[in-house]
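**Q** A single structure is presented below for examination.
No lab work stands behind these numbers, since they all come straight from the coordinates. All figures in this text were calculated on a predicted structure; none of them were measured in a lab. We place every Cβ from the backbone using ideal geometry, glycine too, and count neighbours over all the protein chains shown.
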Amino acid sequence: MDKMIVVSGNSNRGLALKICKDLKLNIGKGLFTRFSDGEVRVKIEENVRGKDVFVVQSTCPPVNENIMELLIIIDALKRASASRITAVMPYFGYARQDRKDQPRVPITAKLVANLLTVAGASRVLALDLHAGQVQGFFDIPVDHIFAIDVFVDYFKKIGMNNLVIVSPDVGGIKMARAYAKKFRAGLAIVDKRRNSPESTEVMHILGEVEGKNVLIVDDIIATGGSLVEAAGALRRAGAKKICAAISHGILSANAVEKLEDSDIDYLAITDSIPLGEEKKSKKIKIVSVSKLFAEAIKRIHFEQSISVLFDSIRR
């Protein structure tokens with residue numbers, strides 16, 4: 001462990017400190033500020049020559065600021081002769097721009113992958129990528145872990161019964177099926193039509209939810225429109241308690257207000273993205289993924305398999 005260092009930018013320092021606590025390490029010393037003209041200023045303030053360095057940085061809003069800061073930290077570590085640099089990205093920004101679904105649009109997830117590689121990252125550790133194919137955009141190893149076991153433990157502790165797992169769209173069925181197997185619960189799908197990147201219309205509920213408690217599982221909540229629409233449709237279909245487990249709580253625009261006025265009883269999110277005071281709500285519960293990341297980091301450092309952390313998804 002004396003060859004391992006964990007450093008953190010400014011995007012999610014709280015999670016980085018929790019990870020270090022779980023690893024029984026002090027967080028790496030560094031200066032991560034801005035010059036007077038707004039340029040990112042980075043200085044690593046301890047020896048990293050020959051060290052295995054893990055950089056914890058969520059590329060959440062402000063996305064471009066946090067991505068640039070991550071790239072500059074990686075460059076500083078590379079020039080300081082770190083032996084290996086792992087970009088630990090609890091939330092990978094731009095992951096939703098992963099294909100050309102319209103003419104003349106970019107594949108920005110691939111661009112970000114290129115930037116990380118050119119900056120000097122040796123590998124990437126990410127949580128619940130929006131699409132698995134994003135791993136293929138990298139020319140360096142990517143370890144993709146999932147929050148499913150963290151959420152399953154949480155909901156089992158609070159005693160959810162008579163449960164149906166709901167996927168908010170057809171694309172999320174694989175993840176929903178993994179949750180259903182863990183809970184030994186039923187499965188339902190929300191059939192929806194996307195009117196725009198921020199707006200959807202629920203068409204049908206595929207599956208039986210009447211008289212059941214439901215748990216909606218997804219990877220990202222941004223404006224909350226899809227989730228609120230799905231909850232309303234589930235309520236109209238006779239669902240009783242409606243909860244949601246979503247890995248990345250961006251909660252942009254008026255998402256919290258929508259949540260407060262919705263049929264959702266409560267929403268569980270991870271701390272992959274820090275939740276500001278203005279976004280806190282009695283309906284939002286935060287579940288930490290620090291132990292999951294600490295275990296993954298430890299296994300990467302000691303060259304051990306991390307497949308045990310996501311076997312439940314592949315089966």
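**Q** Once the Cα atoms of the range 148-288 are picked out, what are the Rg and Dmax in Å?
**A** 13.7, 38
**Q** Kirkwood hydrodynamic radius (Cα pairs, Å) of the chain?
**A** 20.3 Å
**Q** How large is the charge dipole for the chain, taken about the Cα centre, if only the Cβ atoms of Lys, Arg (+1) and Asp, Glu (-1) carry charge, to the nearest 20 debye?
**A** 700 debye
**Q** Right, another one. Filter the chain for me: DSSP H helices, axial length by Cα at least 20 angstrom, mean Kyte-Doolittle hydropathy not below 0.0. List them by residue number.
**A** 63-79
**Q** Quick one: which of Lys18/Lys157; Lys192/Lys279; Lys43/Lys285 span more than 24 angstrom between C-alpha atoms?
**A** Exceeds cut-off: Lys192/Lys279; Lys43/Lys285.
**Q** Which residues in the range 57-79 place their backbone N less than 20 Å from a point set 7 Å from the Cα of Lys43 along the Cα-to-Cβ direction?
**A** Only 69-79 pass the distance filter.
**Q** Of Val63, Val170, Ile5, which is farthest along the charge dipole of the chain in the positive direction, counting Lys and Arg as +1 and Asp and Glu as -1 at C-beta?
**A** Ile5
**Q** Only Cα pairs under 8 Å and at least 6 apart count here; give the relative contact order of the chain as a rounded whole percent.
**A** About 14 percent, as a whole number.
**Q** Measuring from label point to label point, each 7 Å out along Cα→Cβ, what is the Phe35 to Ile286 span in nm?
**A** Here the answer is 3.3 nm between the modelled labels.
**Q** What FRET efficiency comes out for Lys157 versus Glu208 if R0 is 30 angstrom and r is the Cβ-Cβ distance? Round to the nearest 0.05.
**A** Rounded to the nearest 0.05, the efficiency is 0.70.
**Q** Moving on. Students often forget the sequence filter, so: which aspartates and glutamates lie under 12 Å Cα-Cα from Lys280 once same-chain residues fewer than 8 apart are removed?
**A** In chain and number order, the partners are Glu257, Glu260.
**Q** Show which aspartates and glutamates lie in cross-link reach of Lys78 when reach means a straight Cα distance below 16 angstrom and same-chain residues fewer than eight apart are skipped.
**A** Glu45, Glu46, Asp52, Glu69
**Q** Let me ask you something else. Of the DSSP beta bridges with both residues in the chain, give the percent that are antiparallel, rounding to the nearest 5. Working shown, then result.
**A** Working: 12 of 53 bridges.
Percentage antiparallel, nearest 5: 25.
**Q** Which of the lysines could a cross-linker bridge to Lys282, judged by Cα under 18 Å and excluding same-chain residues fewer than eight apart?
**A** Once the sequence-local lysines are set aside, what remains near Lys282 is Lys241, Lys258.
**Q** Show me 4-15, 121-132 ranked by packing, highest mean number of other Cβ atoms within 10 Å first.
**A** Descending mean neighbour count gives 4-15, 121-132.
**Q** Turning to a different aspect of this structure: Per the helix-only calculation at 222 nm, which mean residue ellipticity applies to the chain, given -39500 (n - 2.57) for every DSSP H run of n ≥ 4 and division by its residues, nearest 500 deg cm²/dmol?
**A** For the chain, the value works out to -9000 deg cm²/dmol.
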